[in-house]
Amino acid sequence: MSSYEKKTSNRKGDNRKKGQAHQNTTAWKPNKNSKKTKEINALPVYGLCQRCTDVILWRKKYRKYKPLTTVKRCTNCQEKAIKEAYHVLCDNCARAKKVCAKCLESKEIVTDKSEIKTNKDMQREEQEQMRLLKKMPLRQQRSYLRKLERGDEVPELNEEDFEDSDFDFGSDFDSDFEDEDDDDERNDQEKKTTDAVDEKLSSKAEASLKL
């Protein structure tokens, strides 16, 4: 058997799947300050099965998501009613057929369109939270806002808590914020001490220069 025939037969018989050529040690991260990335991440994902939802979320995570530039035509009713990328059925047709708007399979829908909050809904909730926040003592307001900026979990403010005359802010909030306030006071004290030492050193240096 020639070397050519041997090489050819080996190639046909070798059905083993090769490993990934490039092993990434760290996950790719998009630019957080990108305006387009923020717009894509803000787009809702609804009307899809679990598998299609995961695919869309993966595309968003790795910047493979391409939003629609114009309204898309539904393959069922032929109306231009699709505003979501990768959907082939409009929301009404998908609901009527009880299928996924992307793969057209009759599977459980993860998130329905009615469950998606609009920008107005989110703004309304944010305004309500800020209104309730102003009812709290100033120290707890600052601590609450700092935790929100860091992305920490904070208890949700409810109107019922403020209507209760026996409600104690300290029992619900102070336990979470006392350590943080102590750290802030300690840092302020250390800063004052450092400033005082620097002022004394500068005054001594000026006195030595005059001599």
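The values are calculated or read from the model by the stated rules, or taken from the named source; none is laboratory data. All values derive from a computational prediction rather than experimental measurement. Every residue, glycine as well, gets a Cβ built from its backbone with ideal geometry; the counts of neighbours run over all protein chains shown.
For the reader, a short list of remarks on this structure follows.
- Test result for residue 69, without any contact (Cβ under 8 Å) to a residue 12 or more places away in the chain and either surrounded by 12 or more Cβ atoms within 10 Å (Cβ to Cβ) or closer than 30 Å to residue 105 by Cα (or both): yes
Let's see how each residue does on (1) among the basic types (Lys, Arg); (2) loosely packed, with under 10 Cβ neighbours inside 10 Å; (3) under 23 Å from the mean Cα position of the chain (by Cα); (4) at pLDDT 80 or above:
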site	(1), (2), (3), (4)
123	no, no, yes, no
131	yes, no, no, yes
146	yes, no, yes, yes
151	no, yes, yes, no
155	no, no, yes, no
161	no, no, no, no
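- Condition check for residue 48: surrounded by 12 or more Cβ atoms within 10 Å (Cβ to Cβ), in contact with a strand residue (DSSP E or B) (Cβ under 9 Å, 6 or more places away or on another chain) and either outside any helix (DSSP H, G or I) or at pLDDT 80 or above (or both): no
- Some residue of the range 90-97 being without any contact (Cβ under 8 Å) to a residue 12 or more places away in the chain and among the aliphatic types (A, V, I, L, M): yes
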